[in-house]
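To keep things clear, I will list the structure first and then write my remarks on it.
The values are calculated or read from the model by the stated rules, or taken from the named source; none is laboratory data. Because the structure is a prediction, the values reported are computed rather than measured. Don't worry about glycine lacking a Cβ; one is built from the backbone with ideal geometry, like all the others, and counts go over all protein chains shown. Quick note on the areas: whole protein, heavy atoms, side chains included, nothing else; ligands and nucleic acids left out. Shrake-Rupley method; radii C 1.70, N 1.55, O 1.52, S 1.80 Å.
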Amino acid sequence: MTLTKLFIIHNENLKCRIPYINSTIQKLKEIKPDLQTTVVKDPSSIDTDTIKIKTKLEKTGDEQLDRMLVNINEGHVCNIEKHRNVWKQIEKDDDYAWIIEDDVVISGDYISNVKDFLNTDLSTFVWDIIMTGFSVKSQKLPTKFNKTHEQ
């Protein structure tokens with residue numbers, strides 16, 4: 001079974017991103033016309049008590065892990081909650097879904113990887129989540145979608 005749904009998390013205050021969202025949807029629909037797209041708006045504001053609870057650092061007892069704990073702010077909490085809201089929608093389905101944010105950029109150099117990803121039979125994977133982006137600058141991009149965790 002291939003990916004069937006795309007969720008784009010969008011902050012309505014950032015209207016300048018709408019052309020990018022539309023361009024991303026158009027490009028992905030050229031690759032996979034049956035892809036169902038949903039733009040997810042920001043959830044309502046999070047109350048102060050919830051933010052305090054979610055930003056509290058709690059040590060685990062694992063020294064190596066505890067050294068990596070970092071403080072998160074209200075923006076981080078809101079972003080995590082946006083993703084959690086989408087995950088709640090997805091877990092009701094048997095379909096596969098891709099979650100991206102409204103500032104995603106799909107490089108022309110990477111489009112063949114996106115095509116591979118969108119057309120890969122994801123049921124052959126043993127996985128909970130597949131990361132499809134880079135969080136750090138890289139001089140060398142992968143040249144092929146890599147299915148390293150197949151059954």
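Taken over the range 28-69, residues that are open to solvent by 80 Å² or more (accessible area, probe 1.4 Å), under 19 Å from TRP98 (Cβ atoms) and either at pLDDT 90 or above or aromatic (Phe, Trp, Tyr) (or both) amount to 4. Only residues that are open to solvent by 50 Å² or more (accessible area, probe 1.4 Å), in a loop (DSSP other than H, G, I, E, B) and either β-branched (Val, Ile, Thr) or on the phi > 0 side of the Ramachandran plot (or both) were counted in the range 78-105, giving 1. Residue check: ASP66 meets all listed conditions (1) in a loop (DSSP other than H, G, I, E, B); (2) without any contact (Cβ under 8 Å) to a residue 12 or more places away in the chain but one, namely (1). Any residue at all in the range 55-62 that is in a helix (DSSP H, G or I) and of a type outside the set (Val, Ile, Thr)? Within the range 55-62, none of the residues are in a helix (DSSP H, G or I) and of a type outside the set (Val, Ile, Thr).
Picking from residues in the range 22-38 that are β-branched (Val, Ile, Thr) and in contact (Cβ under 8 Å) with a residue 60 or more places away in the chain, the one that is farthest from ASN119 (Cα to Cα) is THR24.
Entry remark, the range 112-125: residues being at pLDDT 80 or above and either more than 17 Å from the chain's Cα centre (by Cα) or open to solvent by 60 Å² or more (accessible area, probe 1.4 Å) (or both) number 8 in total.
Close contacts from the range 6-21, counting a first residue that is assigned to a helix (DSSP H, G or I) and a second that is open to solvent by 70 Å² or more (accessible area, probe 1.4 Å) and of a type outside the set (Val, Ile, Thr), with Cβ to Cβ under 8 Å and a gap of 6+ residues or different chains, come to ARG17/ASP103; TYR20/ASP103.
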